[in-house]
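Heads up: the structure comes next, in structure tokens.
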Amino acid sequence: MTLTASQLASLVLLWLTYAALHSLFASLWLKRHVAARWPRLAPGYRLGFNLLALLLLLPPLWLTFAWHGPLLWSWQGGWAWLANGLALAAAAGFVGSTRGYDMGVFTGRTQWTTRNGAAEDPGAFTLSPLHRHVRHPWYSLGLVILWTRDMDEARLVSALCITLYLWLGSLLEEQKLLAFHGEPYARYRARVPGLIPWPGRSLSADEARALCTPPRR
């Protein structure tokens, strides 16, 4: 099917709604407001945020695949092998890179079990091997998977919306990281590119270790 103007507007509106709500609930301002106003709820904030983020994704994703139509392009032959190989490598990168994250803090389990209601995440400033090359490796890997898929109109619209939000979201996230980690993150940001690796702008393992900080208490 070819998207009508109203369908296109509906899909874009859903992605805009997701982006606005996700950014609002991820904001340091709202976290601090909840921690001050409802301190008993604050330890569960990250858990609730992750659950809400998943639920908010369902409507735009459902429409993206419900409104499938003729392909605008598809990877064929050797290009299909390359596209799928890149997507598999990116998926493997996701799994492998979890060892470089404090997944307890990321999911919110640590905050809940320790009853830590602080707005700032309690994790240390750490750098996984992928972080030595890009500041937002999960976003970069997600973009690889996103753009190595076949595209129809709905998927293309969603891919463009997601790409734009990942870029804007990375800028918003960095404001929080600067607030959490200060000078170490500022020096890291000045050296390493955001989403696309660039020759000469990677950190050595020793340089990465020198920037890391101990966990917050």
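The values are calculated or read from the model by the stated rules, or taken from the named source; none is laboratory data. Model, not experiment: these values are computed from the prediction. When we count neighbours, we look across all protein chains shown, and the Cβ atoms used for this are built from the backbone with ideal geometry, even at glycine. In case anyone asks, the SASA skips ligands and DNA or RNA and just uses the protein heavy atoms, side chains included. Shrake-Rupley method; radii C 1.70, N 1.55, O 1.52, S 1.80 Å.
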Review point. How big is D for the chain, in µm² s⁻¹ as a whole number, if Stokes-Einstein is applied with the Kirkwood radius of its Cα pairs at 20 °C and 1.002 mPa s?
Key: 112 µm²/s
Check your understanding: For the stretch 167-212, what class follows from the C-alpha gyration tensor (a ≥ b ≥ c being the square roots of its eigenvalues): rounded when a/c is under 1.5, otherwise prolate if a/b is larger than b/c, else oblate?
Key -> oblate
Revision key, fill the gap. Distance in Å, no decimals, from the C-alpha centre of the stretch 136-173 to the one of the stretch 1-70 is 15 Å
**Study point:** Backbone N under 12 Å from the S97 label point (7 Å along Cα→Cβ), restricted to the stretch 132-152
**Key:** 132-145
Practice item. Would you check the accessible area of W38, probe 1.4 Å, heavy atoms only, in square angstrom rounded to 10? Key: 110 Å²
Practice item. Would you kindly find the accessible area of Y165, with a 1.4 Å probe and non-protein molecules such as ligands, DNA and RNA excluded, rounding to the nearest 10 Å²? Key: 40 Å²
Review point. If the viscosity is 0.692 mPa s and the temperature 37 °C, what translational diffusion coefficient in µm²/s does Stokes-Einstein give for the stretch 111-206 when Rh comes from Kirkwood over Cα pairs?
Key: 215 µm²/s
Revision key, fill the gap. Checked the stretch 45-149 with the C-alpha gyration tensor, a ≥ b ≥ c its square-rooted eigenvalues, rounded below a/c of 1.5, otherwise prolate if a/b is larger than b/c and oblate if not; verdict oblate
Check your understanding: Which value, in Å² and to the nearest 10, is the accessible area of T110 when all protein chains are kept and the probe is 1.4 Å?
Key -> 40 Å²
Check your understanding: Taking a probe of 1.4 Å, how large is the accessible area per residue of the chain, in Å²?
Key -> 58 Å²
Review point. Once label points are set 7 Å from the Cα along Cα→Cβ at both T2 and S170, what is their separation, rounded to one decimal in nm?
Key: 3.5 nm
Point to revise | Solvent-accessible surface ranking, highest first, for R40, R191 at 1.4 angstrom | key: R40, R191
Review point. Hey, rough spin-label estimate for L54 and R115, points 7 angstrom out along Cα→Cβ, what's it come to in nanometres?
Key: 2.6 nm
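Suppose accessible area is computed on protein heavy atoms with a 1.4 Å probe; arrange V95, V34 from highest to lowest.
If we order V95, V34 from most to least accessible, we get V95, V34.
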Review point. So, with a 1.4 angstrom probe, what is the percent of accessible area on the stretch 67-217 that is carbon and sulfur?
Key: 66 percent
Point to revise | trypsin sites (Lys or Arg not before Pro) within the stretch 99-132: DSSP coil, no more than 12 neighbouring Cβ in 10 Å | key: R115
